[in-house]
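Before any comments, here is the structure.
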2 protein chains.
Amino acid sequence: MSKYDALNIKQIAELSGVSVATVSRVINQNGRFSSETEARVRRVIEESGYVPNFVAKSLRTSKNHVIGIIVPDILNSHFAGLVLELEKKLFAHGYSTVICNTNESIELEKKHIDTLIAQQVSGVIFISGTKTCKVTQDIPAVYLDRRPASYCEPSDRVLIESDNRTGGYLATQKLIESGCRNIAVFCSRDMDTNQQARFIGYQEALAESGLSCDEAMTFDLHEVSILQARDEMLRIFPSIPNLDGVLCMTDTIALGVITGLHELNITIPEQVSVTGFDDAPLAAYFQPPLTTIRQDIGALSGAAVESLIKMINGEKLESQHVVVPVSLVVRKSTRQQV
Amino acid sequence: MSKYDALNIKQIAELSGVSVATVSRVINQNGRFSSETEARVRRVIEESGYVPNFVAKSLRTSKNHVIGIIVPDILNSHFAGLVLELEKKLFAHGYSTVICNTNESIELEKKHIDTLIAQQVSGVIFISGTKTCKVTQDIPAVYLDRRPASYCEPSDRVLIESDNRTGGYLATQKLIESGCRNIAVFCSRDMDTNQQARFIGYQEALAESGLSCDEAMTFDLHEVSILQARDEMLRIFPSIPNLDGVLCMTDTIALGVITGLHELNITIPEQVSVTGFDDAPLAAYFQPPLTTIRQDIGALSGAAVESLIKMINGEKLESQHVVVPVSLVVRKSTRQQV
DNA sequence: TTGAAAGCGCTAACAA
DNA sequence: TTGTTAGCGCTTTCAA
């Protein structure tokens with residue numbers, strides 16, 4: 001039983017009174033055929049509502065025009081935004097996308113990758129700093145937004161990431177400009193290399209202003225969650241009497257910190273300034289609206305899609321490593337410049 | 001040039017010293033074979049890292065184990081949560097998912113559906129109240145969370161939705177219990193039938209308490225966005241001096257309303273109580289934390305997956321129309337019971 | 001300009 | 001228990 005009694009190319013050929021080869025040529029616009037024949041075939045296709053079978057086409061051509069996207073957590077609005085843009089751009093190029101949530105699990109990621117390989121996807125975009133993806137050595141792939149732990153510069157793989165270092169620098173600079181002198185850092189440096197880069201930017205900004213980097217002011221969370229950040233804020237606050245600024249390595253952490261500060265009846269930004277990172281869709285609606293670092297989702301996704309398609313087509317890449325600029329978005333969670 | 005010089009079943013057969021049929025039997029665990037043969041074949045597969053070609057398998061069996069999910073906007077956390085759960089459950093059943101964002105565009109939706117048909121997907125889950133999906137008449141499909149405008153009860157299609165009416169009722173009842181007597185409704189009833197059902201629940205709750213339903217207190221937004229809701233709040237507030245409650249048909253709208261009230265220096269819930277709908281991940285972190293209606297994402301996605309897989313396998317369905325209960329989550333945006 | 005036919009990798013019916 | 005083989009729908013070479 002065929003699921004939807006689909007026509008095949010042979011039936012279209014019969015209805016048009018031509019051979020299957022000719023129908024194929026008309027559909028794919030290659031080879032030669034009279035405009036008369038073309039018109040007849042087109043009409044039959046139109047009238048019958050024929051849709052070519054991509055599965056058969058893929059088998060024959062070894063190209064299925066599907067791209068796999070490996071993403072840690074689609075619920076995170078930063079990743080969701082990235083995936084949405086990728087999907088739009090790939091669709092415009094004629095590619096479908098299979099989105100694979102890994103939930104940060106290496107096991108699950110491996111299973112997903114096997115499935116993608118079995119499906120013969122044309123390429124893969126990794127938004128995931130996985131350590132083990134040698135499985136896909138021969139498949140066009142791009143790393144986006146997260147640098148694999150194993151990555152080393154002269155790599156055969158393309159890496160596209162934000163200028164995290166500058167982001168960390170700008171946010172810290174803003175806090176310093178706002179008069180903060182005792183800045184705590186809320187991060188989760190084990191998570192990915194982005195946070196490490198942001199941390200370096202933070203250290204640079206401190207150094208530049210002649211402030212010292214006190215390890216006791218750095219708080220590493222076990223996971224990036226609102227609740228963890230809020231709990232940590234409540235825990236550490238009593239021990240830092242002169243705290244006047246918190247540099248949060250993601251907007252999610254910032255929301256937790258803000259929540260904690262509210263519970264402590266600390267006013268933001270009068271008593272403590274807070275900055276985030278990502279510019280999540282809701283960041284402008286936090287209370288107070290969050291000063292944060294905006295990542296350029298359009299540029300990130302654009303570079304990823306462009307690179308990947310070039311790789312698939314066997315074209316030469318201009319760059320193996322794209323660093324996308326970030327920008328500071330000033331809102332109300334930091335004091336006006338003093 | 002094969003992209004990743006993949007082995008095929010024939011090579012595995014040769015390496016194992018058996019026929020392709022036997023290899024196929026071992027892989028799919030059907031037919032009979034000696035445990036000796038099985039062990040040999042398994043070892044070869046293991047050592048060679050062979051992954052069967054799903055494309056060929058799909059072509060042969062007309063089953064590709066891919067499900068298409070049509071979703072309006074993956075950036076909306078309610079939809080993102082639903083999609084994430086669907087993906088997890090389908091993956092556990094051996095299905096991959098192709099996620100298609102329509103951005104509420106019928107055009108785009110049609111293109112996506114054509115692509116899905118061409119890919120010979122095994123089924124489709126529509127999280128989308130599209131009016132025109134007869135294209136897929138013969139493909140197993142489930143409507144989830146949004147009722148198609150054309151839907152009529154004794155349908156050949158499965159519909160899975162939350163008990164929106166009760167949700168609207170419970171939220172309104174909570175506002176009334178909190179002492180509200182002049183309740184405004186912020187909705188976007190053109191968007192989908194869910195909002196219409198919630199509105200009926202609202203009317204029922206009012207009637208039950210002997211309150212009248214004043215059409216002048218109903219505000220329909222052109223789109224569900226934080227900014228629109230906030231703007232509308234600012235616009236209407238001056239004309240409703242005794243406003244003491246706002247029933248918001250989604251959490252997104254509620255966030256806009258809260259933002260507007262903050263700007264008007266109105267305290268929540270002392271002066272005005274606010275309720276939402278969805279229980280978005282961030283709803284607990286609004287200021288104040290939002291009283292809202294929780295939709296059971298697990299139950300919704302579970303029912304959808306179960307129904308769809310039964311349809312694909314040609315099994316009989318217990319129910320064509322599943323209504324999933326909702327629950328009231330009380331937080332700080334409504335006054336304590338008076 | 002068009003058609004015949006091989007074959008992509010796999011499954012499944014039939015044969016042994 | 002295992003092997004042989006047709007054929008899923010399509011593209012593409014070769015021939016006409």
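The values are calculated or read from the model by the stated rules, or taken from the named source; none is laboratory data. Every value quoted in this text rests on a predicted model; they were computed, and no experiment measured them. Cβ sites come from the backbone with ideal geometry, for glycine too, and all protein chains shown count toward neighbours.
Determine which member of the set A:Glu14, A:Glu104 is out of contact with any His (no Cβ under 9 Å at 6 or more places or on another chain), closer than 30 Å to B:Gly94 by Cβ and more than 9 Å from DNA strand C (Cβ to nearest atom). If you could, list the steps in order and put the result at the bottom.
Working: A:Glu14 fails: closer than 30 Å to B:Gly94 by Cβ.
Within the list A:Glu14, A:Glu104, the selection yields A:Glu104.
The set of residues in region B:304-328 being of a type in the set (A, V, I, L, M), over 19 Å from B:Asn194 (Cα atoms) and touching a helix residue (DSSP H, G or I) at 6+ places or on another chain (Cβ under 8 Å) consists of B:Val305, B:Leu317.
Anything in region A:1-11 that is in a loop (DSSP other than H, G, I, E, B) and farther than 22 Å from A:His65 by Cβ? List them, or say none. Across region A:1-11, the qualifying residues are A:Met1, A:Ser2, A:Asp5. Take the residues in region B:38-56 that are under 29 Å from A:Lys57 (Cβ atoms) and surrounded by fewer than 16 Cβ atoms within 10 Å (Cβ to Cβ); name whichever of them is nearest to the other protein chains (Cβ to nearest Cβ). Restricting to residues being under 29 Å from A:Lys57 (Cβ atoms) and surrounded by fewer than 16 Cβ atoms within 10 Å (Cβ to Cβ), the top hit is B:Gly49. In the condition set (1) within 16 Å of DNA strand D (Cβ to nearest atom); (2) touching a residue at least 60 places away in the same chain (Cβ under 8 Å); (3) over 19 Å from B:Ile309 (Cβ atoms), B:Arg40 is compliant with all but (2). Is it the case that some residue within region B:82-105 is within 16 Å of DNA strand D (Cβ to nearest atom) and surrounded by fewer than 17 Cβ atoms within 10 Å (Cβ to Cβ)? Within region B:82-105 (the criterion being within 16 Å of DNA strand D (Cβ to nearest atom) and surrounded by fewer than 17 Cβ atoms within 10 Å (Cβ to Cβ)), the answer is no, since none of the residues qualifies.
Within 14 Å of chain A (Cβ to nearest Cβ), at pLDDT 95 or above and farther than 20 Å from B:Ala284 by Cβ: does that describe B:Asp231? Yes: the conditions hold for B:Asp231.
Condition check: within 11 Å of chain A (Cβ to nearest Cβ), of a type in the set (D, E, K, R) and part of a helix (DSSP H, G or I). Does B:Asp114 satisfy that? Outline the logic, then answer.
Numbers: within 11 Å of chain A (Cβ to nearest Cβ): yes; of a type in the set (D, E, K, R): yes; part of a helix (DSSP H, G or I): yes.
Considered against the rule, which asks whether it is within 11 Å of chain A (Cβ to nearest Cβ), of a type in the set (D, E, K, R) and part of a helix (DSSP H, G or I), B:Asp114 comes out as yes.
Taking the stated definitions as given, is B:Glu87 among the charged types (D, E, K, R), part of a helix (DSSP H, G or I) and assigned by TED's automatic domain parsing to the domain that holds B:Phe126? Outline the logic, then answer.
On the way: among the charged types (D, E, K, R): yes; part of a helix (DSSP H, G or I): yes; assigned by TED's automatic domain parsing to the domain that holds B:Phe126: yes.
It is true that B:Glu87 is among the charged types (D, E, K, R), part of a helix (DSSP H, G or I) and assigned by TED's automatic domain parsing to the domain that holds B:Phe126.
Going by what's in this entry, would A:Ser19 be described as more than 16 Å from DNA strand D (Cβ to nearest atom), surrounded by fewer than 17 Cβ atoms within 10 Å (Cβ to Cβ), without any contact (Cβ under 8 Å) to a residue 12 or more places away in the chain and among the polar types (S, T, N, Q)? In short, no. Looking across B:Pro281, B:Pro269, one residue alone is modelled with pLDDT under 95 and either over 24 Å from the mean Cα position of the chain (by Cα) or within 14 Å of chain A (Cβ to nearest Cβ) (or both). It is B:Pro281.
Please pick out the residue among B:Ser307, B:Ser319, B:Ser301 that is surrounded by fewer than 14 Cβ atoms within 10 Å (Cβ to Cβ) and assigned by TED's automatic domain parsing to the domain that holds B:Lys89. Before you say what the answer is, go through the steps one by one.
Details: B:Ser307 fails: surrounded by fewer than 14 Cβ atoms within 10 Å (Cβ to Cβ); B:Ser301 fails: surrounded by fewer than 14 Cβ atoms within 10 Å (Cβ to Cβ).
Answer to the check: B:Ser319.
Within region B:220-228, can one find any residue that is among the hydroxyl-bearing types (Ser, Thr, Tyr), in the same structural domain as B:Gly123 (by TED's automatic domain parsing) and either under 25 Å from the mean Cα position of the chain (by Cα) or modelled with pLDDT under 95 (or both)?
Going through region B:220-228, the residues among the hydroxyl-bearing types (Ser, Thr, Tyr) turn out to be B:225.
Then drop every residue that is not in the same structural domain as B:Gly123 (by TED's automatic domain parsing), which leaves none.
Among the residues of region B:220-228, not one is among the hydroxyl-bearing types (Ser, Thr, Tyr), in the same structural domain as B:Gly123 (by TED's automatic domain parsing) and either under 25 Å from the mean Cα position of the chain (by Cα) or modelled with pLDDT under 95 (or both), which makes the answer no.
For region A:26-37, residues that are at negative phi, more than 14 Å from chain B (Cβ to nearest Cβ) and either within 14 Å of DNA strand D (Cβ to nearest atom) or within 39 Å of the chain's Cα centre (by Cα) (or both) total 6.
The set of residues in region B:117-131 that are assigned to a loop (DSSP other than H, G, I, E, B), of a type in the set (Val, Ile, Thr) and either in contact with a Lys or Arg (Cβ under 6 Å, 6 or more places away or on another chain) or closer than 14 Å to B:Pro148 by Cα (or both) comprises B:Ile127, B:Thr130.
The single condition among (1) out of contact with any Phe, Trp or Tyr (no Cβ under 9 Å at 6 or more places or on another chain); (2) in contact (Cβ under 8 Å) with a residue 24 or more places away in the chain; (3) of a type in the set (S, T, N, Q) that B:Ser212 does not meet is (2). Taken together, B:Ser105, B:Ser62 contain a single residue that is within 7 Å of chain A (Cβ to nearest Cβ) and closer than 25 Å to B:Ile117 by Cβ, which is B:Ser62.
When residues in region B:57-74 are screened for being buried (at least 17 other Cβ atoms within 10 Å of the Cβ), on the phi < 0 side of the Ramachandran plot, more than 11 Å from the chain's Cα centre (by Cα) and free of Cβ contacts under 8 Å to residues at least 60 places away in the same chain, 5 of them pass. As a summary of the residue check, A:Val326 satisfies the conditions (1) over 15 Å from the mean Cα position of the chain (by Cα); (2) modelled with pLDDT of 95 or more except for the one numbered (1). For region B:19-31, does any single residue satisfy the condition of being modelled with pLDDT under 90, over 25 Å from B:Val142 (Cβ atoms) and touching a Lys or Arg at 6+ places or on another chain (Cβ under 7 Å)? For region B:19-31, residues modelled with pLDDT under 90, over 25 Å from B:Val142 (Cβ atoms) and touching a Lys or Arg at 6+ places or on another chain (Cβ under 7 Å): present. Return a yes/no flag: does region A:144-163 have any residue that is at pLDDT 95 or above and either small (Gly, Ala, Ser) or more than 16 Å from the chain's Cα centre (by Cα) (or both). Looking for residues that are at pLDDT 95 or above and either small (Gly, Ala, Ser) or more than 16 Å from the chain's Cα centre (by Cα) (or both), one finds at least one in region A:144-163, hence yes.
Across region A:5-14, not a single residue is classified as more than 13 Å from DNA strand D (Cβ to nearest atom), within 11 Å of chain B (Cβ to nearest Cβ) and either farther than 21 Å from B:Thr115 by Cβ or not small (Gly, Ala, Ser) (or both).
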